[in-house]
1. Which residues, counting only those in segment A:27-47, are within 16 Å of ligand 1 (Cβ to nearest atom) and either out of contact with any helix residue (DSSP H, G or I) (no Cβ under 9 Å at 6 or more places or on another chain) or among the hydrophobic types (A, V, I, L, M, F, W, C) (or both)?
2. Considering only segment A:25-63, state which residues are modelled with pLDDT under 95, away from ligand 2 (no atom under 13 Å from the Cβ) and acidic (D, E).
3. How many residues are more than 7 Å from chain A (Cβ to nearest Cβ) and either free of Cβ contacts under 8 Å to residues at least 40 places away in the same chain or under 16 Å from A:Y87 (Cα atoms) (or both) when one looks only at segment B:448-459?
4. For B:V473, indicate whether it is more than 17 Å from B:G404 (Cα to Cα) and part of a loop (DSSP other than H, G, I, E, B).
5. Suppose the filter is of a type outside the set (D, E), away from ligand 1 (no atom under 16 Å from the Cβ), at pLDDT 95 or above and under 28 Å from A:K23 (Cα atoms); does A:T191 pass it?
6. Looking only at segment A:84-107, how many residues end up being within 16 Å of ligand 2 (Cβ to nearest atom) and more than 7 Å from chain B (Cβ to nearest Cβ)?
7. For segment A:158-212, which residues satisfy the criterion of being within 16 Å of ligand 2 (Cβ to nearest atom) and hydroxyl-bearing (S, T, Y)?
8. Show me the helices (runs of 4 or more DSSP H) found entirely inside segment B:479-562 where at least 1 residues are away from every other protein chain (no Cβ under 14 Å) and free of Cβ contacts under 8 Å to residues at least 60 places away in the same chain.
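The values are calculated or read from the model by the stated rules, or taken from the named source; none is laboratory data. This one's a predicted model, so the numbers in the text were calculated from it and none came from an experiment. All Cβ positions, even for glycine, are placed from backbone atoms using ideal geometry, and neighbour counts span all protein chains on display.
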Amino acid sequence: MTATPYLRLSNVVKSFGAFQALKGVSLDIGRGEFVCFLGPSGCGKTTLLRIIAGLDPQTAGTVEIAGRDVSRLPPSARDYGIVFQSYALFPNLTVARNIAYGLKLKRKAEEERVRDLLALIGLPDIGAKFPSQLSGGQQQRVALARALAPSPGLLLLDEPLSALDAQVRLHLRRQIRELHDRLGITTIMVTHDQEEALTMADRIVVMNHGDIVQTGTPGAVYREPATPFIADFVGTMNFLKGTVDETGRIRLGSIHLHSARPLTPGADVTVCVRPEDVVIHRPGPVNTIDMRIDAMEFLGPFHRVRLTADGFGPQPLTADFSANLVRDHRLATGDRLPVTLPAEHLRIYPAA
Amino acid sequence: MTANALPLRMKRTGDALALDGALVLLGLFLAVFIVLPLAMVALYSVYDRNDAFVGLANYAAFLDTPSLAHSIGNSLTMALVSTAITTVLAFTYAFAITRTAMPGKGVFKALAQIPILAPSLLPGISLVYLFGNQGPLRVLLMGESIYGPIGIVLGEVFYTFPHALMILTVALSTADARLYEAAESLGAGPLRRFFTITLPGARYGLISAVFVVFTLVITDFGVPKVVGGQYNVLATDVYKQVVGQQNFGMGAVVGMVLLLPAVLAFAADWIGQRKQTALLSARSVPYVPPRRPWCDRVMFALCVVIAALLVGILGTAAFASLIRYWPYDLTPTLAHYAFAEVDETGWRSYGNSLILAGLTAVAGTLIVFAGAYLVERGPAHTGIKAAVRLLAIVPLAVPGMVLGLAYIFFFNHPGNPLNALYGTMGILVLATVVHFYTVSHLTAATALKQLDAEFESVSASLKVPVWRTFFRVTVPLCLPAILDIALYFFVNAMTTVSAVVFLYAPDTKTASVAVLNMDDAGEIAGAAAMAMMIVITSAAVRLLHTGLSHGLSQRTQTWRKR
Ligand SMILES: Nc1ncnc2c1ncn2[C@@H]1O[C@H](COP(=O)(O)OP(=O)(O)O)[C@@H](O)[C@H]1O
Ligand SMILES: [Mg+2]
């Protein structure tokens with residue numbers, strides 16, 4: 001990260017009575033970054049966003065924006081635009097007036113700015129309409145334009161897509177990301193949708209129970225989840241319970257797996273492997289198990305396959321096999337096949 | 001970095017400070033004009049005429065005075081009988097409006113509003129005309145007098161009918177069609193469906209209506225004043241003790257006693273309302289009444305009878321005010337409208353009422369809406385807000401008589417710096433705003449809660465001052481509710497007698513008090529004429545309100561449509 005971060009949170013705590021919604025959050029965000037706060041509902045994402053915005057005071061800790069301590073400043077003295085889940089568009093004002101709401105320009109300049117913003121969100125002709133005459137996706141973009149109108153240095157988005165249909169959501173993901181890339185504005189987006197975070201963010205901040213549990217690029221969070229919770233929350237994951245034997249291998253039932261890293265003998269562990277990392281027999285005998293196809297689910301580009309084996313333990317193994325692979329091997333339910341769990345793709349956590 | 005143990009305080013902008021200040025002012029306003037006066041009543045009830053502390057002696061004396069103690073029984077009897085009749089009639093009427101396919105529902109709804117437009121003195125006057133010593137319908141009483149329990153009950157039923165109807169209509173219109181479909185498919189007949197679905201579904205509405213009517217009757221002063229005769233009730237006792245005998249201590253005791261049923265009713269009602277909310281879920285399917293020719297016809301006939309009685313009562317007063325001498329000389333005349341002939345205040349009292357109603361509507365709406373805004377959407381001050389919310393509810397439980405009494409005690413006290421208000425129009429406006437505060441506040445609060453919770457946050461992030469969003473967004477969105485509140489204040493200020501009768505001065509006498517005075521003086525035709533002026537004015541303002549609301553919804557329907 002470069003010298004001074006654009007946003008710096010230090011030890012931010014928020015208590016509601018005896019309940020701690022945030023337990024001392026520290027985080028740096030660089031200028032121009034697109035960061036997603038990702039976590040299950042109720043983990044404190046909105047609370048943190050509102051503290052950054054100055055809409056609710058933190059119980060303790062500091063917020064710095066662009067090197068300035070804004071911890072005690074009201075929202076109007078900070079520099080950001082915000083889009084809420086409900087959009088909070090003013091229903092009695094036209095789209096143009098909504099967008100111009102925070103502008104303090106001469107009439108001509110204001111009209112021009114509104115026109116530019118409408119073009120920016122790809123809805124040049126709706127200025128005279130009222131919010132109730134727009135679709136949800138259009139309303140969302142108008143809220144975005146309103147937040148961007150005064151050219152703030154920071155854009156805050158609280159679950160901006162969660163109220164929309166799946167189709168519109170996919171489209172807007174790309175649009176918001178493009179907007180960010182074009183304007184270079186530092187953006188924080190709150191979401192509980194891991195796919196949204198993976199596709200949009202430069203960096204993901206995973207939260208749980210009022211704490212940050214991991215920060216990293218989408219690739220890092222996906223490939224190297226720091227905890228089983230994250231492994232489960234982001235993407236699909238197999239969880240296999242086992243014990244480390246005296247040779248450092250992991251015993252699952254009567255099967256032994258090699259790990260890429262040294263392990264403490266005797267420890268109970270949870271082995272995680274992504275379904276797409278499970279492959280059909282690779283040369284070399286390591287981590288290859290004879291398994292049976294119990295069920296196959298066709299999901300378009302790939303099949304989700306449930307595998308079991310004698311001595312593998314009670315837990316089935318889920319694997320994703322590409323449609324090509326299934327066709328080439330003529331796989332079908334009931335087939336037996338050698339399956340490899342590559343050591344370098346295993347994530348091993350101490351058992352909870 | 002060490003985490004600070006003390007909660008962090010935000011720097012407050014000028015805006016926020018102004019809102020804080022306003023919230024504190026509102027709290028002070030409610031404390032000074034509700035809590036302190038009521039406390040004075042309690043205080044006076046333990047002092048004697050010579051300002052000596054006497055403990056509960058006044059209460060003992062009250063119970064020892066047979067005539068006063070008797071009033072308790074009388075008040076309870078009147079309240080129970082009137083409540084039973086009103087609730088049955090209003091339930092029938094509400095059922096017809098919400099659950100049948102009878103024609104003319106709009107007309108019936110409108111006619112049911114008649115009593116609200118009139119002071120509660122009007123039904124008394126009409127009853128005297130119809131059943132009094134020269135009344136053409138006197139024979140129907142079979143030797144009984146209209147002056148006394150019969151008159152009180154009839155008058156109270158008229159006066160309380162729309163209040164019960166409003167509650168029951170709401171209760172009955174929130175029906176879930178799916179329940180009826182399920183019952184029908186299980187083979188339940190119409191009677192069974194009524195007793196297993198309709199009645200239980202409306203039970204909180206029924207309880208609520210019973211309590212509201214009971215409280216209204218026990219605290220009403222207008223009806224028993226006009227047709228009570230020798231039959232004493234608590235509300236008239238207060239008046240006699242305070243205005244007649246200047247016995248403030250005893251008046252305070254009766255006031256405290258009057259407060260009791262209202263407070264109980266109010267508490268019970270509050271509990272009932274809490275439970276009501278869960279009745280209708282978001283997925284309910286609204287009930288559309290099917291055509292049932294027989295049921296529809298019977299209900300239509302019943303509604304016609306009830307509506308005819310309402311119209312008849314009003315019509316009697318109207319007719320009597322426009323003829324020379326009821327019931328002997330039916331020559332049309334406007335002579336009874338020459339009020340100066342029979343009442344020294346003449347038309348002035350009507351002018352005063354217009355001023356009172358206008359000022360109450362303006363001041364009341366401003367205070368109530370701004371107050372509700374501060375509580376619902378202002379910066380967080382949980383403690384003050386909870387206190388203000390509670391204080392805003394209190395007036396609902398305070399009968400007008402008790403409020404009037406409280407204001408005399410409080411403002412007439414020589415040590416009170418607000419003493420100068422005593423005897424002015426200002427105190428009438430204050431008393432009326434406070435008297436009708438609760439319903440207005442709840443209307444405003446409901447409208448404000450329906451707005452998106454984040455409007456203020458968005459404005460703050462856009463660096464737009466709070467007041468600008470208040471005027472550009474909040475007020476326009478709440479305009480229908482604001483109009484409703486203004487109408488409510490205006491009409492109630494026009495018709496109210498109970499608080500005002502203690503507080504008016506010769507200069508500020510209102511039309512409703514003039515009705516009372518003329519009736520007292522035996523000038524019943526004049527009283528009827530003045531009551532009609534009140535009805536006409538209330539009705540006209542109501543029409544104006546309908547027009548404005550309609551125009552507003554036309555103008556704003558583009559953005560209201562969802
Ligand atoms: N005003 C409040 N009072 C009490 N608890 C609150 C309040 N606001 C939020 N919480 C609690 O704080 C936790 C975090 O809430 P929030 O930040 O809204 O979660 P999310 O991650 O879903 O946005 C939740 O458990 C919520 O119940
Ligand atoms: Mg949230």
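1. A:L27, A:V35, A:C36, A:F37, A:L38, A:S41, A:G42, A:C43, A:G44, A:K45, A:T46, A:T47
2. Correct list: empty.
3. Of the residues in segment B:448-459, 5 are more than 7 Å from chain A (Cβ to nearest Cβ) and either free of Cβ contacts under 8 Å to residues at least 40 places away in the same chain or under 16 Å from A:Y87 (Cα atoms) (or both).
4. Taking the combined requirement at face value, the residue does not satisfy it.
5. No.
6. Going through segment A:84-107 one residue at a time, the tally reaches 2.
7. Once the filter is applied, which keeps residues that are within 16 Å of ligand 2 (Cβ to nearest atom) and hydroxyl-bearing (S, T, Y), segment A:158-212 yields A:S162, A:T191.
8. B:511-520, B:524-560
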